[in-house]
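Asker: Input: one structure, supplied below.
Coordinate-derived values only; no laboratory data. Just so it is clear, the structure is predicted and the values come from calculations on it, not from any experiment. Cβ coordinates were reconstructed from backbone atoms using ideal geometry, including for glycine residues, and neighbour counts include every protein chain displayed.
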Amino acid sequence: MTVVKVTGERAPLPPFGEEHEQLRESVRRFVSKEIAPHVDEWERAREFPRELYRRCGELGFLGLKFPEAYGGQGGTHLHDAVWVEELARSGGSGGVAAGLNAHASIAMPPIFNFGTEEQKQRWLVPGIAGEKIGALGITEPGAGSDVASIATRARRDGNRYIVNGAKTFITNGVRADFLVCACRTTEAGGHDGISFLVLESDMPGYEVSGKLEKMGWHSSDTGEITFTDVEVPAENLLGEENGGFRLIMANFAWERLVMAIGAVGAMDRLIDAAVAYAGEREAFGRPIGRFQATRHRIAEMGTKAEAARSIAYHALRLFHSGRDCVREVSMAKLFTQRALLEVADEALQIHGGYGYMREYGIERAVRDARLGPIGGGTDEIMKEIIGRTMGL
Amino acid sequence: MATASEGSKVIKPDFESGRKHFIFTQEHEDLRESMRAWVEKEIYPHRNEWEETCWPTSIMRRAGELGYLGLCFPEEYGGQGGDYFYSIVRAECMSYSGSGGTNMAFAVQTDMALPPIYMLGTEEQKRRYLTPGIRGEKVAAIGITEPGAGSDVAGIRTTAIRDGDEYVINGTKTFITNGPRADFIVLVTKTDPGARHDGITLFIVDLRDEDGNPVPGFTVTSELEKMGMHASDTGELSFEDVRVPAENMLGEEGKGFYHIAWELQGERLVAAAGCHAGAERMIERTLQYAKEREAFGRPIGKFQAIRHKFAEMATKTEAAKQFTYATAWRFANGEYPVREITMAKLFASRVACEVADECVQILGGYGYMKEYEIERAYRDVRLNRIGAGTDEVMLDVIGRSYGL
């Protein structure tokens, strides 16, 4: 006899509505069929096929939030959020998600938001189609959290810039066709001396100097790129010269929301796995989920995930409505990444020895999740931002 | 303003209006403003005094006069006819009282004792108890817990045995908020002592007569001294052959457990709201301190470790708040989201306790001093992980909702 009535038919939680359900279903189907079965292989290969970009482009998944004029779907960030959440929930690969989302949600938005029509035709349109792969290049060996201190130098020389420097930890960095690259365009650099230039991988002097091996995100190619006297046409300047810092800040919100929403989907996947395993695996005469400690552990995981969903959706709603939401986005990023890491670790524990085996995908989720509190803005930076919004 | 779309039962939130949160309309915000002002004017100045004397019954009457006790009850019973979100607003406004005990006493009235009477009562019962309760003319209590049964509600031993057209009640209840002064109590009894869940029946029991004297057989055996919530009087109540007319049965015989399980949901979510609001008040107070208090040449809030503590507290609190709001939306939308309500209560209680602890730490020695009131908040808030369902019971309920 159970007194507790579980949740039954339910409406989509705001900001999502019935109108997003169809997209959710089609993403789920696509990812389950064309991504999930190959993840293991792509993780071993340390890359997923380039063809996947084209396939996602063909199905419209890379252009959900971009206008039809550029080959996009003419939707909103909410549609993109549906894609991100379902890709995580059904795909089970932080690496594949990183590769696709860095392209569509980190590299392309600056071009859409700050580019000229000509620039949009050159990079946004083929990017949405999945024919060209983009990456965003800000982080350097000597500058991560301290974005203003980047050193890559772009010196103006007539109708071009000469670029020297290096970037690292660049998602898609190994095979990107174009790089939205943050450079110092004044001697001093800093908040008022940074500009964005779009570099192309076939420019002389642009070299992928390393393909980095990582703890997780194995199917995502992470590159170290060096620039030796790379000549970049002045038409490749994105936005205003020396106005790049504003562009960087503008981009962070969506990047962080993508991570938050992705974490929500990933947690759902892990909880489903843990519940299923705990319901089947028997020990001492019963399914292990019937031991109170395990039941409680799953309850903790579920609680964390739902709280994470609530704060992530709230930040998303504010972002979508055009409201100032630096505080909420930073909180959502901070909270969701830690929550996912904890949930992944708990799922690993519940799966016992099998959790440690590659085959079950749980240990991959743990390794993938570990980057969350670091990439896209460390926990410490998030706390600095939040603290400052409180006047400290 | 939220509108229902064609053919859909779901209330579509209106995001364009630029409101702070989609569950609250301008009417909610107007109430928030006026109720908060009232709390700050008529309760807050007395918070220290009431720690010693307990809240005065007159403030309940005053709240009733102003309509604050009947926000979610229909106008025909003297209520304001508002939706469920008003109870969230009310809980948040009460957080400005500085008196956790007073908040709890009010919450028992509005969110624990009166709702079952509204949902299950006969018209006569509503006339005799709901309306006076909404007016603040009668103080209500809810009697579930006993010395030998807390989490295990089905294990209660207070009996109600039929005798003619009355029931005779015998037993003891404990930890009863408002118990020492309540005019009536919604009492959870066993009408079938041999059974567990299916032997439970609710009664509305008058505890005091017209002159305020205890009814025959009813004794307040003890007023309990507690770690916190000092402004609230908490009683151990004894029932020795207390007679109750059969018409005072509330709901169906043998269905009391299910009635109460239902009641607990709304109560828990409001408790969760009280927790995030309480956490916000503590953070505000402590933030002010951190900006003023200097050490090693600067306000202590400018030390990174302290700044980060605030960031963490604010983030946790925001997550609890959004979780409660999202769940309230589900609840008001006609869902019965037991899992999420239970999660929200669990999560918010812990956040409030963690925030209280961190705030005491940030205030340093002053955090330990009565005068600064943060130590009171710490003691008050600690109950939330126990009352209205312990953390452990919450975890069990959630776990079982996954089929485990």
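Asker: Of A:V230, A:T294, A:V343, which is farthest on the positive side of the dipole of chain A, counting Cα position, with +1 on Lys and Arg Cβ, -1 on Asp and Glu Cβ, and the Cα centre as origin?
Answerer: A:T294
Asker: Which lysines, if any, have their Cα less than 22 Å from the Cα of B:K302, not counting same-chain residues under 8 positions apart?
Answerer: Partners found: A:K383, B:K291, B:K316.
Asker: Which ³J(HN,Hα) values, rounded to whole Hz and listed in residue order, are derived for the stretch B:313-325 from phi using the Karplus coefficients 6.51, -1.76 and 1.60 in 6.51 cos²θ - 1.76 cosθ + 1.60 with θ = phi - 60°, glycine and proline given as x?
Answerer: 4, 5, 5, 4, 5, 5, 4, 4, 4, 5, 5, 5, 4
Asker: Got a sec? Charge dipole of chain B, +1 on Cβ for Lys and Arg, -1 for Asp and Glu; which of B:F73, B:G171, B:C93 is way out at the positive end?
Answerer: Final value for the positive-end residue is B:C93.
Asker: Using a Förster distance of 56 Å, how high is the FRET efficiency between B:K41 and A:E68, based on the Cβ-Cβ distance and rounded to 0.05? Mind showing how you got there, number by number?
Answerer: Numbers: r = 57 Å, r/R0 = 1.02.
The calculated FRET efficiency here is 0.45.
Asker: Next up: For B:E137 and B:E240, FRET efficiency with R0 = 25 Å and r from the beta-carbon atoms, rounded to 0.05? Don't skip to the end; give the middle numbers.
Answerer: Working: r = 28 Å, r/R0 = 1.10.
Efficiency at R0 = 25 Å is approximately 0.35.
Asker: Can you pull the one-decimal nm distance between simple spin-label points at A:S32 and A:D324, each 7 Å off the Cα toward Cβ?
Answerer: The answer from the label model is 4.4 nm.
Asker: Counting Lys +1, Arg +1, Asp -1, Glu -1, what net charge surrounds B:R208 among other residues with beta carbon under 11 Å of its beta carbon? Mind dumping the intermediate values first?
Answerer: Values: positive: B:K138, B:R181; negative: B:D183, B:D206, B:D209, B:E210, B:D211.
Around B:R208, the surrounding residues sum to -3.
Asker: Shifting gears a bit: Could you give the length gained by full extension between B:S151 and B:T25, i.e. 0.36 nm per residue of separation minus their alpha carbon distance, to one decimal place?
Answerer: Stretched fully, the B:S151-B:T25 segment lengthens by 41.6 nm.
Asker: Please give the charge dipole size of chain B, origin at the Cα centre, charges +1 on K and R Cβ atoms and -1 on D and E Cβ atoms. Round to the nearest 20 debye.
Answerer: On the way: 47 positive and 62 negative charges, 297 e Å.
Roughly 1420 debye for chain B.
Asker: State, as an integer percentage, the relative contact order of the stretch B:109-245 based on alpha-carbon contacts under 8 Å between residues 6 or more apart.
Answerer: Values: 278 pairs, mean separation 32.4, N = 137.
The value is 24 percent.
Asker: Moving to a separate point now. Restricting to DSSP H runs of at least four residues, report the calculated mean residue ellipticity at 222 nm for chain A, -39500 (n - 2.57) per run over all residues, nearest 500 deg cm²/dmol.
Answerer: On the way: 13 runs with 179 residues, N = 392.
Roughly -14500 deg cm²/dmol at 222 nm, from the helical runs in chain A.
Asker: If you plug each phi of the stretch A:227-237 into the Karplus form 6.51 cos²θ - 1.76 cosθ + 1.60 with θ = phi - 60°, what whole-Hz ³J(HN,Hα) values come out, in order, with x for Gly and Pro?
Answerer: 10, 10, 6, 6, 8, 10, x, 4, 5, 8, 5
Asker: Right, another one. What residues qualify as long-range amide H neighbours of A:L238, i.e. H under 5 Å apart, gap of 5 or more or another chain, H built at 1.01 Å from N?
Answerer: Amide H to amide H, under 5 Å and 5 or more residues apart or across chains, A:L238 pairs with A:F196, A:L197, A:V198.
Asker: Let me ask another. Using the Karplus equation 6.51 cos²θ - 1.76 cosθ + 1.60 (θ = phi - 60°), what ³J(HN,Hα) coupling, rounded to whole Hz, does each residue of the stretch B:117-127 give in order, writing x for Gly and Pro?
Answerer: With the stated coefficients, the stretch B:117-127 comes to 5, 5, 6, 10, x, 6, 4, 5, 5, 5, 5 Hz.
Asker: While we're here: What does the charge count around A:P287 come to, taking other residues whose C-beta lies under 9 Å from its C-beta (Lys +1, Arg +1, Asp -1, Glu -1)?
Answerer: Values: positive: A:R281, A:R286, A:R290; negative: A:E280, A:E282.
Every neighbour counted, the sum reads +1.
Asker: Dipole magnitude of chain A about its Cα centre, charges +1 at Lys/Arg Cβ and -1 at Asp/Glu Cβ only, in debye to the nearest 20? List each step's numbers first, then the result.
Answerer: Working: 46 positive and 54 negative charges, 210 e Å.
Approximately 1000 debye in magnitude.
Asker: Quote the relative contact order of chain B in percent (integer), defining contacts as alpha-carbon pairs under 8 Å separated by 6+ residues.
Answerer: It rounds to 14 percent for chain B.
Asker: Same structure, new question: Would the stretch A:120-259 count as rounded, prolate or oblate if I go by the C-alpha gyration tensor, calling it rounded below 1.5 in a/c and otherwise prolate when a/b exceeds b/c, oblate otherwise? Could the numbers behind the result be given before it?
Answerer: On the way: a/c = 1.31, a/b = 1.23, b/c = 1.07.
Verdict is rounded for the stretch A:120-259.
Asker: What is the calculated FRET efficiency for B:Y336 to B:E210, with r their C-beta to C-beta distance and R₀ = 41 Å, to the nearest 0.05? Mind dumping the intermediate values first?
Answerer: On the way: r = 40 Å, r/R0 = 0.98.
With a Förster radius of 41 Å, E is 0.55.
Asker: Which one of B:M282, B:V242, B:A295 is farthest out on the positive end of the charge dipole of the stretch B:199-353, using unit charges on Cβ (Lys, Arg +1; Asp, Glu -1) and the Cα centre as origin?
Answerer: Sorting the options by dipole projection puts first B:A295.
Asker: Separate question: How much net charge surrounds A:A253 when only the other residues with a Cβ under 10 Å from the Cβ of A:A253 are counted, with Lys and Arg +1 and Asp and Glu -1?
Answerer: Numbers: positive: A:R256, A:K333; negative: A:E255, A:D324, A:E328.
After counting each charged neighbour, the total is -1.
Asker: Using modelled backbone amide H atoms (1.01 Å from N, in-plane), which distant-in-sequence or interchain residues come within less than 5 Å of B:F303's amide H?
Answerer: For B:F303, no residues qualify.
Asker: Amide H of B:E166 versus every other amide H placed in the peptide plane: which residues, excluding those fewer than 5 positions away on the same chain, fall under 5 Å?
Answerer: B:A246
Asker: Percent relative contact order of the stretch A:218-356, based on C-alpha pairs within less than 8 angstrom and at least six residues apart?
Answerer: Values: 109 pairs, mean separation 41.5, N = 139.
Rounded, it is 30 percent for the stretch A:218-356.
Asker: What shape does the stretch A:18-133 have by the C-alpha gyration tensor, where a ≥ b ≥ c are the square roots of the eigenvalues, rounded means a/c under 1.5, and otherwise prolate means a/b greater than b/c and oblate the rest? Can you show the working numbers first?
Answerer: On the way: a/c = 2.17, a/b = 1.34, b/c = 1.61.
Cα axes put the stretch A:18-133 in the oblate bin.
Asker: Taking the Cα centre of the protein assembly as shown as origin, sum charge times position over the Cβ atoms of Lys and Arg (+1) and Asp and Glu (-1), and report the length of that vector in debye to the nearest 20.
Answerer: I would put it at about 1300 debye.
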